[in-house]
1. Confirm whether A313 is surrounded by fewer than 14 Cβ atoms within 10 Å (Cβ to Cβ) and aliphatic (A, V, I, L, M).
2. Would it be correct to say that I439 is under 30 Å from Y341 (Cα atoms), at pLDDT 95 or above and either touching a Gly at 6+ places or on another chain (Cβ under 8 Å) or within 16 Å of the ligand (Cβ to nearest atom) (or both)?
3. Against the definition (touching a Lys or Arg at 6+ places or on another chain (Cβ under 7 Å) and of a type in the set (S, T, Y)), how does S232 come out, yes or no?
4. Within region 359-389, take every residue that is β-branched (V, I, T) and touching a Cys at 6+ places or on another chain (Cβ under 6 Å) and give me the one that is farthest from G34 (Cα to Cα).
5. Which of the strands (runs of 3 or more DSSP E) found entirely inside region 15-84 contain at least 1 residues meeting this: in contact with a Leu (Cβ under 8 Å, 6 or more places away or on another chain)?
6. If you take just the helices (runs of 4 or more DSSP H) that sit entirely in region 122-229, which of them hold at least 3 residues that are away from the ligand (no atom under 16 Å from the Cβ), surrounded by fewer than 24 Cβ atoms within 10 Å (Cβ to Cβ) and not small (G, A, S)?
7. With the requirement that a residue be surrounded by fewer than 24 Cβ atoms within 10 Å (Cβ to Cβ) and not small (G, A, S), what does region 423-438 give you?
8. Select from region 86-134 the residues that are in contact with a strand residue (DSSP E or B) (Cβ under 8 Å, 6 or more places away or on another chain) and not basic (K, R) and list them in ascending order.
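The values are calculated or read from the model by the stated rules, or taken from the named source; none is laboratory data. The model shown is predicted, which means the values in this text are computed figures rather than measured ones. All Cβ positions, even for glycine, are placed from backbone atoms using ideal geometry, and neighbour counts span all protein chains on display.
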Amino acid sequence: MTETRARSVGNHIGGEVREAASGGWFENRSPTDGELLGLYARSGAEDVGRAVEKARAAFEGWRLYPAPKRGEILYRAGALMAERKEEFARAMSREMGKVLSEARGDVQEGIDMAFFAAGEGRRMLGDTVPAELPEKFAMSIRMPIGVVGLITPWNFPVAIPSWKSFPALVAGNTIVLKPAEDAPECARLFTQLLLDAGLPEGVFNTVFGLGEEAGAALVEHPGVAGVSFTGSTAVGVSIAREAHRTHKKVATEMGGKNAIILMDDADVDLAVEGAVWSAFGTAGQRCTAASRLIVHERVLDEFTEGLVRAANALKLGDPLDEGTDVGPLVNEEALRKVSGYVEVAKEEGATLLCGGERATEGDLSKGNFFRPTIWGGVDPGMRIAQEEIFGPAVCVIPVSSYEEAVRVNNGTPYGLSSAIYTRDVNTAFRAMRDLYTGINYVNAGTIGAEIQLPFGGTKATGGHREVGQQALDSFTEWKSIYVDYSGKLQKAQIDEV
Ligand code: UN1
């Protein structure tokens with residue numbers, strides 16, 4: 001019955017809401033019970049072109065609007081987001097399956113980012129440096145790049161659009177957002193929020209659609225000066241290639257195969273808690289999720305026993321119920337992917353310690369629920385220990401020394417987040433030197449990065465950084481400025497005799 005009442009949601013282009021030029025729509029369904037939540041514009045190149053045109057026109061005014069004033073609009077956006085936190089969080093849980101407490105946390109990252117970026121409006125530091133000639137002034141400033149295309153994922157559907165939009169806006173860019181098709185309602189609420197906060201028409205535009213249609217059109221469009229993408233490494237690499245071909249500035253935030261190392265002097269109970277939270281929080285659907293546990297053989301049995309017990313105690317259920325620990329996977333494709341790795345693990349000879357199957361009792365049968373899965377006896381070279389699974393599944397890899405643990409940690413194509421549990425301060429600092437990932441934790445799991453420090457990783461993770469002051473790097477170009485006030489020709493690098 002509810003299906004007939006599904007709302008149709010158009011694109012937001014230049015302050016107007018409009019259907020896709022093709023008249024097409026795509027469905028947004030709940031991963032918890034399959035209910036149809038809404039229809040969203042299935043956009044293509046024509047819609048993207050119109051949005052870029054509006055954003056291009058708005059850029060001329062927005063870049064001249066003083067940065068502190070741009071920041072004031074972001075302060076308003078942050079305050080409004082705080083007021084609407086519950087509305088955002090509920091829509092998020094419903095459409096992508098994250099449990100409510102985590103959905104609130106996702107919105108909180110958006111609020112934090114709004115206030116942090118707003119402050120940049122009165123900072124946005126450049127350098128002033130001495131010039132080598134006597135009557136000459138030298139400085140550098142950041143300049144906006146123009147229209148930026150943002151392609152955002154469903155797993156942090158408020159935080160990540162905020163991470164990208166707020167720094168881009170405060171720096172003076174205008175935006176076309178292509179949000180993930182698995183969380184379009186959050187993007188609609190986000191867009192409405194920015195309009196309500198007072199952004200001028202055309203500064204922020206949202207085009208719904210599929211990656212291979214609207215997303216690809218955005219990356220190819222010659223009027224787009226920069227692209228920022230978060231998602232899989234396969235898609236990110238093809239976006240980066242296309243962006244380079246069409247001379248766009250590009251930032252890609254891609255996969256992870258994050259590990260927690262447990263040394264033999266670790267607080268094992270604390271490590272169990274950190275591992276469960278990092279591996280099974282958000283049903284393992286975070287870029288930062290721990291999917292490898294590198295455990296010293298001396299604490300292996302004690303740790304594994306505690307881990308399996310804690311994983312089996314997690315409550316699967318409706319993400320809107322406050323008592324639920326783990327919600328559904330985002331869609332059936334995700335379910336198929338995780339199930340596929342259970343087969344791979346079997347072939348590779350890993351030991352399944354718990355989970356490994358869909359959960360179908362009662363109402364769970366209506367959704368994409370998968371039991372928290374742990375494999376023991378994993379060799380670091382196995383596919384389950386090398387490839388990003390993006391679900392509630394984790395490998396336990398035994399090691400016998402610190403050096404081996406570091407080698408295993410660094411021995412994947414990815415480099416986002418890593419953690420070490422140890423009571424030895426020297427080991428902790430050594431690890432902070434040796435672990436080749438963009439984010440390191442000591443005595444905490446691999447998730448929970450805060451927005452005031454750069455977020456991103458090495459190697460196949462992409463090498464770019466979001467949030468923190470470094471966020472501005474993806475949305476600005478440096479300009480070096482020399483002012484000669486001598487009134488005569490002064491030649492740099494030339495010794496006058
Ligand atoms: C992501 O999964 O893409 O550190 C972002 C964390 C969160 C952000 C994760 N603050 O887990």
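1. yes
2. Details: under 30 Å from Y341 (Cα atoms): yes; at pLDDT 95 or above: yes; either touching a Gly at 6+ places or on another chain (Cβ under 8 Å) or within 16 Å of the ligand (Cβ to nearest atom) (or both): yes.
So I439 fits the description; yes.
3. Numbers: touching a Lys or Arg at 6+ places or on another chain (Cβ under 7 Å): no; of a type in the set (S, T, Y): yes.
When the stated conditions are applied, S232 does not pass them.
4. It comes out as V378.
5. 25-29
6. Per the criteria, 184-196.
7. Selection gives R423, D424, V425, N426, T427, F429, R430, M432, R433, D434, L435, Y436.
8. Answer for region 86-134, where residues must be in contact with a strand residue (DSSP E or B) (Cβ under 8 Å, 6 or more places away or on another chain) and not basic (K, R): E95, V99, M124, G126, D127, T128, V129, P130, A131, L133.
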